[in-house]
Amino acid sequence: MRRFLIKEENCLPTGQSEYAVLSYDEDTDEYHISIPPSVNPDDLPAIPGILARKGIREIDDRWARRFVKERVVPPDRQNIGMIMREVGMSYYSEFPLLVYTGGRCSMDDFFIEEIVE
């Protein structure tokens with residue numbers, strides 16, 4: 001199981017920069033997101049924020065995977081072959097792309113940082 005903090009580049013005035021934990025089980029190919037009760041849903045990226053507003057703070061694979069897919073290059077991208085070669089991939093998979101880009105996307109200032117224990 002690999003775990004990543006979901007963080008924001010530009011911290012809130014409160015100094016908060018860590019918002020949730022994204023987990024990925026390489027054996028089962030499943031994602032999970034945990035959002036602490038202290039985190040304001042309005043401070044989260046889109047999908048986790050919407051779910052947290054509904055009171056869902058443990059996000060299953062279905063929605064966590066959608067969050068990941070929003071943050072990586074899609075498989076139908078015109079130059080996906082070049083991108084995969086750069087990353088060292090022989091087949092398309094979201095997880096290596098997520099790790100390679102640090103979960104950054106143009107929609108917000110969030111990124112992921114692996115938790116090393």
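The values are calculated or read from the model by the stated rules, or taken from the named source; none is laboratory data. Predicted model, so just to flag it, every value in this text is computed and none were measured. A quick note on method: Cβ atoms are made from the backbone with ideal geometry, for glycine too, and the neighbour counts reach across all protein chains shown.
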(message) Looking only at segment 84-97, filter to residues that are of a type outside the set (Phe, Trp, Tyr) and crowded, with 17+ Cβ neighbours inside 10 Å; which one of those is farthest from the chain's Cα centre (by Cα)?
(response) 84
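Taking residue 59 as the residue in question, decide whether it is of a type in the set (A, V, I, L, M, F, W, C), touching a strand residue (DSSP E or B) at 6+ places or on another chain (Cβ under 8 Å) and modelled with pLDDT of 95 or more.
The answer is yes for residue 59.
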(request) Would you check which residues across segment 45-73 are surrounded by 21 or more Cβ atoms within 10 Å (Cβ to Cβ) and in contact with a Pro (Cβ under 7 Å, 6 or more places away or on another chain) and list them? (result) 52, 59, 67
(request) Would you please list the contacts, defined by Cβ atoms under 8 Å and residues six or more apart or on different chains, that run from a residue in segment 21-47 that is farther than 20 Å from residue 103 by Cα to a residue that is surrounded by 15 or more Cβ atoms within 10 Å (Cβ to Cβ)? (result) 37/57
(request) Out of the residues in segment 1-18 that are surrounded by 11 or more Cβ atoms within 10 Å (Cβ to Cβ) and more than 15 Å from the chain's Cα centre (by Cα), state the one that is modelled with the highest pLDDT. (result) 11
(message) Given the options 61, 76, name the one that is more than 11 Å from the chain's Cα centre (by Cα) and farther than 26 Å from residue 117 by Cα.
(response) 76
(request) Quick one: in segment 26-41, of everything that is surrounded by fewer than 17 Cβ atoms within 10 Å (Cβ to Cβ) and within 13 Å of residue 1 (Cα to Cα), which residue is nearest to the chain's Cα centre (by Cα)? (result) 30
(message) Can you find a residue that is touching a Ser or Thr at 6+ places or on another chain (Cβ under 7 Å) and more than 17 Å from residue 105 (Cβ to Cβ) anywhere in segment 4-17?
(response) yes
